[in-house]
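All of the numbers you see were taken from the coordinates with simple rules; none came from a lab. Remember, it's a predicted structure, so these values are computed and weren't measured experimentally. Cβ sites come from the backbone with ideal geometry, for glycine too, and all protein chains shown count toward neighbours.
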Amino acid sequence: MTASAPAGSYLLRGTAAGNTLRLIAIDSTQTVEEARLRHGLSKTATAALGRAMSASVLLAVVLGKKTDSRVTLRVEGGGPVGWVVAEGSVDGRVRGYVRDPEADLPARESDGKLDVSGIVGTDGELALTRLLDNGEPYTGSVRLQSGEIAEDVSYYLGASEQIPNAVLLGVYEEGGKVAYAGGLLIQAMPGVTDETLGILEANIRRMGLLTDNMRRGGLMEAVQQATAGLDVQLAPQAQSAQFSCRCSREKALDSLKFFSADERAEMIAAGGQEIFCHWCSEKYHITPDEIAALEAPEVRAKA
């Protein structure tokens with residue numbers, strides 16, 4: 001059952017019940033904390049984005065066909081935070097953002113937990129975009145079931161991908177920062193028995209919140225509780241995961257090529273242009289000389 005986990009965020013993969021259950025688990029604590037710092041997220045917005053980020057990586061592993069496959073998860077339910085977007089890759093890279101990072105709500109009166117459903121809303125949909133084998137993008141969507149994200153992701157997998165599953169997601173903050181964050185996805189495979197599913201369901205009901213288990217004994221504690229009595233077999237090495245954006249200064253500069261010569265001239269006169277990446281909040285200042293150099297090929301072509 002043991003697996004060697006690297007420092008920082010990481011993924012665990014394994015099987016249980018004689019290969020009739022497949023599991024993917026992620027400790028995303030460090031990546032969600034980085035997202036919180038990068039975007040200046042409120043407490044509840046951190047929980048919403050953190051759940052979506054964890055889910056996007058798990059979904060990429062389940063649905064991806066290649067080592068660099070990635071999926072984009074978008075949740076929009078009409079709540080104060082607006083949309084929640086996360087992109088996860090099979091190799092553990094993940095990034096994400098929300099429309100309003102400062103949006104927040106008080107804890108729920110019923111149980112004192114963060115009101116993720118309230119900040120996300122329930123009047124909307126969850127959409128997932130991925131590349132098919134032929135390289136064409138495909139987007140599937142379902143109506144939101146709860147706005148808590150885990151239940152919505154599970155419903156998507158069952159309704160749109162016909163994958164029986166169980167999904168747990170969580171973010172726990174303490175002392176003003178992310179203390180524990182992660183996700184667990186268990187997929188029922190061909191040949192699974194009703195007895196196995198019954199044991200799995202009972203385990204998940206009994207274990208409670210994912211982050212409570214992580215607080216007791218890390219991600220491994222959550223995996224052990226979810227698969228108790230099911231002979232889980234984990235891959236010997238965990239896979240590292242990290243917040244990673246695909247933006248760059250070069251891409252920011254290239255984006256200015258889509259502006260007209262007059263628009264670029266205005267940027268030059270203003271002392272340059274700042275390009276902001278919504279995914280990671282990185283800012284790139286493009287200098288007047290760099291902008292002017294973009295016009296050189298056009299000038300030579302007309303000469």
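In table form, for the structure just shown:
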{"read-out": "Contact order normalised by residue count of region 25-72, Cα under 8 Å, 6+ apart, percent", "value": "32 percent"}
{"read-out": "Hits among lysines - C-alpha to C-alpha of Lys251 under 23 Å, sequence gap 8 or more where chains match", "value": "Lys283"}
{"read-out": "Charge context of Asn165, other residues only, Cβ under 14 angstrom, K/R +1, D/E -1", "value": "-3"}
{"read-out": "Cβ-Cβ FRET estimate between Glu136 and Asp212, R0 fixed at 45 Å, reported to 0.05", "value": "0.60"}
{"read-out": "Among Asp194, Asp27, Asp231, residue whose mean-square fluctuation peaks in a GNM of the chain (springs only between Cα atoms under 10 Å)", "value": "Asp194"}
{"read-out": "Within the chain, longest stretch clear of exposed GluC sites (Glu not before Pro) (DSSP loop, no more than 16 other Cβ within 10 Å)", "value": "162-281"}
{"read-out": "Cα gyration tensor of the chain - equivalent ellipsoid semi-axes, whole Å, descending", "value": "39, 22, 18"}
{"read-out": "Surrounding net charge for Thr122, when Lys and Arg each add one and Asp and Glu each subtract one, Cβ distance under 10 Å", "value": "-2"}
{"read-out": "Gain upon complete extension [Thr129, Glu274; 0.36 nm per residue less C-alpha separation]", "value": "49.3 nm"}
{"read-out": "FRET efficiency estimate (nearest 0.05) - Cβ-Cβ, Asn19 to Arg249, R0 45 angstrom", "value": "0.45"}
{"read-out": "Per-selection Rg to Rh, region 249-298 - Cα, Kirkwood hydrodynamic radius", "value": "0.96"}
{"read-out": "Unit charges on C-beta of K, R, D, E only; dipole of the chain, Debye", "value": "560 debye"}
{"read-out": "Surrounding net charge for Pro101, when Lys and Arg each add one and Asp and Glu each subtract one, Cβ distance under 10 Å", "value": "0"}
{"read-out": "Qualifying trypsin sites (Lys or Arg not before Pro) for region 18-73 [loop in DSSP, other Cβ within 10 Å: at most 12]", "value": "Lys65, Lys66"}
{"read-out": "Relative contact order computed over the chain (Cα-Cα under 8 Å; 6+ residues apart), in percent", "value": "23 percent"}
{"read-out": "Cα-based reach from Lys66 at 12 Å (exclusive), listing aspartates and glutamates while leaving out same-chain residues under 8 positions away", "value": "Asp91, Asp133"}
